[in-house]
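Engineer: Let me give you the structure first, and then I'll get to my questions.
The values are calculated or read from the model by the stated rules, or taken from the named source; none is laboratory data. What you are looking at is a predicted structure, and each value in this text was computed from that prediction instead of being measured. When we count neighbours, we look across all protein chains shown, and the Cβ atoms used for this are built from the backbone with ideal geometry, even at glycine. With ligands, DNA and RNA removed, areas are computed over all heavy atoms of the protein, side chains included. Shrake-Rupley method; radii C 1.70, N 1.55, O 1.52, S 1.80 Å.
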Amino acid sequence: KRIVVLASGRGSNFLAVASAVSRGMINGRCVGLIVDRPGTLAAVRAGEHGIPVFTIDYSVFSTKSAYEEELIGTLRSLAPDLVVLAGYMKILGSGIIREYVGRIINIHPSLLPSFPGLDAQGQALAYGVKVSGCTVHFVDEGTDSGPVILQRCVPVLEDDDPGILAERILAEEHIALPEAVALFCSDRLRILGRTVIRLPDDS
Ligand code: GRF
């Protein structure tokens, strides 16, 4: 399967997927990384794995639709079987979502549906939950609202601050996202309404 990853910054989730591909854990290959700004660490990490980087700099486009046209053109040229949003900080327009629905996934640092949107870790601390974690889900036209594929939990501790909690969750993201990508690339995920079914590993 052809995998395209979208990232915006550090790229540690992208690296987790690229590393899992390199280790033969995923029945696919990363054919491109798309970043929304120049100079990201994600781009450097892609270079280390020999993965082509496409910088579609959000700030140079006069309108969101011009940005999306460039983005969808690049996606179509890469012909992905799976689009992975790995720390991608832009909201995708409905045109792109519709074109890739069912084969676009996202990783979010909370147990959805709790704490969608930005600063999920800070939201969790402010609410006072005792458990948080991360969610890999199929992307639909809502915000962090598509069918859930995988979740992993972490404890929220007394002296946590958003940074400490984010680090604890990030370690689980690096397990959950590659696992979800591997399941998708082995055709073991089925979406039935809102639920995602994992088929047995018949290998
Ligand atoms: C991750 O916590 C991800 O869940 C969130 O933003 C962060 C990106 O981290 N969307 P990285 O760029 O993958 O290191």
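Engineer: Explain nothing, just the number: relative contact order of the stretch 72-198, from Cα pairs under 8 Å at least 6 residues apart, as a whole percent.
Structural biologist: That works out to 21 percent.
Engineer: Under a 5 Å amide H to amide H cut-off, with H placed in plane at 1.01 Å, what residues pair with Ile104 once short-range neighbours are removed?
Structural biologist: Counting only residues 5 or more places away or on other chains, the set is Val83, Val139.
Engineer: Report, in deg cm²/dmol and to the nearest 500, the calculated mean residue ellipticity at 222 nm for the chain, where each DSSP H run with n ≥ 4 adds -39500 (n - 2.57) and the sum is divided by the residue count.
Structural biologist: -11000 deg cm²/dmol
Engineer: Between Ile3, Ala66, Leu33, whose Cα lies farthest towards the positive end of the dipole of the chain when Lys and Arg beta carbons carry +1 and Asp and Glu beta carbons carry -1, centred on the Cα centre?
Structural biologist: Going by the Cα projections, it comes out as Ile3.
Engineer: Ok, one more. Treating the beta-carbon of each Lys and Arg as +1 and of each Asp and Glu as -1, no other charges, what is the dipole magnitude of the chain about its Cα centre, to the nearest 20 debye?
Structural biologist: Dipole of the chain, to the nearest 20 debye: 560 debye.
Engineer: Could you compute the net charge surrounding Phe54? Neighbours are other residues with a C-beta less than 13 Å from the C-beta of Phe54; K and R count +1, D and E count -1.
Structural biologist: -1
Engineer: Further, regarding this structure: Using only the Cα atoms, work out Rg/Rh for the stretch 61-197, with Rh taken as the Kirkwood radius, to two decimals.
Structural biologist: Rg/Rh: 1.00.
Engineer: Separate question: Cβ under 13 Å from Ser110's Cβ, Ser110 left aside: what net charge do those residues give with Lys, Arg +1 and Asp, Glu -1?
Structural biologist: With Lys, Arg at +1 and Asp, Glu at -1, the neighbours total -2.
Engineer: Short version: ³J(HN,Hα) in whole Hz for each residue of the stretch 27-41, in order, from phi by Karplus 6.51 cos²θ - 1.76 cosθ + 1.60 (θ = phi - 60°), x for Gly and Pro, what are they?
Structural biologist: 7, x, 8, 7, 9, x, 10, 10, 10, 9, 7, x, x, 7, 5
Engineer: Mind jotting down the distance between the C-alpha centroids of the stretch 1-47 and the stretch 95-152, whole Å?
Structural biologist: Cα centroid of the stretch 95-152 versus Cα centroid of the stretch 1-47: 19 Å apart.
Engineer: Once phi is turned into ³J(HN,Hα) by the Karplus curve 6.51 cos²θ - 1.76 cosθ + 1.60 with θ = phi - 60°, what whole-Hz value does each residue of the stretch 153-167 show in order, with x for glycine and proline?
Structural biologist: My calculation for the stretch 153-167 gives 9, 9, x, 9, 9, 3, 9, 5, 10, x, x, 5, 5, 4, 5 Hz in order.
Engineer: With a 10 Å radius around each residue's Cβ, average the other Cβ atoms per peptide and rank 147-154, 81-88, highest first.
Structural biologist: 81-88, 147-154
Engineer: Enumerate the calculated ³J(HN,Hα) couplings along the stretch 44-56 in order (Karplus 6.51 cos²θ - 1.76 cosθ + 1.60, θ = phi - 60°), each rounded to whole Hz, writing x wherever the residue is Gly or Pro.
Structural biologist: In residue order, the calculated couplings are 4, 5, 5, x, 5, 9, x, 9, x, 10, 10, 8, 10 Hz.
Engineer: I've got another one for you. Can you give the accessible area per residue of the stretch 63-137, in Å², using a 1.4 Å probe?
Structural biologist: Normalised by residue count, the accessible surface of the stretch 63-137 is 43 Å².
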